[in-house]
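Report on one structure; see the data block that follows.
The values are calculated or read from the model by the stated rules, or taken from the named source; none is laboratory data. Remember, predicted model here, so these are calculated numbers, not experimental data. Cβ placement follows ideal geometry from the backbone for every residue including glycine, while neighbour counts extend to all protein chains displayed. Calculation scope for accessible area: heavy atoms of the full protein, side chains included, ligands and nucleic acids excluded. Shrake-Rupley method; radii C 1.70, N 1.55, O 1.52, S 1.80 Å.
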Amino acid sequence: MRTTVLLLFACSLCLGPAVLAADIVRDEGGIAELRLGACVSGLGDQDGDGADELLVGAPGYQGGADDGAGRVYLWFGGQAISLNADRTWQGSGNEQFGHAVARIGDVNDDGRDDFAVGAPMSDVGGSESGRVYVFFG
């Protein structure tokens, strides 16, 4: 099993204030070209525990026959981050879902941060025109 160390303080522009400790999170058991961590972003508290969450993109994830479908992982924050992601979302085709992830604030005014996921190779609009997915917190 291969592990990836995320040095969260290195991306303080994405995450807000610098995080002083680093936790180890894992990729999907050593999948080739997963590209876990291609983009990382902090996300406001989604589970009500008072701690911010962590979004991690893996645009190289292969979902069955979907080569390069991509995936996004969400880890709930708190005293310790679990080894495995608490939530995952997966793209389709070769869209490279998770190429970019971003906290976009509370766009639907429900009191929780929302986030966007980029899929630059999505072919829904034709000719790999790309797509941005918006998820409500």
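Within region 74-88, which residues are surrounded by 18 or more Cβ atoms within 10 Å (Cβ to Cβ) and outside any loop (DSSP other than H, G, I, E, B)?
L74, W75 - these are the residues of region 74-88 that are surrounded by 18 or more Cβ atoms within 10 Å (Cβ to Cβ) and outside any loop (DSSP other than H, G, I, E, B).
Among the conditions (1) modelled with pLDDT of 95 or more; (2) more than 14 Å from L36 (Cα to Cα), the only one that E53 does not satisfy is (1). If L54 meets every condition in (1) closer than 12 Å to V117 by Cβ; (2) buried (at least 21 other Cβ atoms within 10 Å of the Cβ); (3) not charged (D, E, K, R) apart from one, which number is that one? With (1) closer than 12 Å to V117 by Cβ; (2) buried (at least 21 other Cβ atoms within 10 Å of the Cβ); (3) not charged (D, E, K, R) applied to L54, the lone miss is (1).
The set of residues in region 58-73 that are in a strand (DSSP E or B), open to solvent by less than 40 Å² (accessible area, probe 1.4 Å) and farther than 13 Å from L36 by Cβ contains only G63.
Please work out if G93 is more than 16 Å from the chain's Cα centre (by Cα), modelled with pLDDT under 90 and buried (at least 19 other Cβ atoms within 10 Å of the Cβ). Taking the combined requirement at face value, the residue satisfies it. Just one of the listed residues (G57, G44, G77, G48) is within 14 Å of the chain's Cα centre (by Cα), free of Cβ contacts under 8 Å to residues at least 60 places away in the same chain and under 20 Å from F136 (Cβ atoms), and it is G77.
Does region 97-105 contain at least one residue that is among the charged types (D, E, K, R), in contact (Cβ under 8 Å) with a residue 60 or more places away in the chain and open to solvent by 40 Å² or more (accessible area, probe 1.4 Å)?
Yes, the conditions are met somewhere in region 97-105.
Hey, among the residues in region 106-137 that are acidic (D, E) and surrounded by 12 or more Cβ atoms within 10 Å (Cβ to Cβ), which one's modelled with the lowest pLDDT? My answer is E128.
Per the conditions (1) part of a loop (DSSP other than H, G, I, E, B); (2) hydrophobic (A, V, I, L, M, F, W, C); (3) touching a Gly at 6+ places or on another chain (Cβ under 9 Å); (4) touching a residue at least 60 places away in the same chain (Cβ under 8 Å), the sole criterion not satisfied by M121 is (4).
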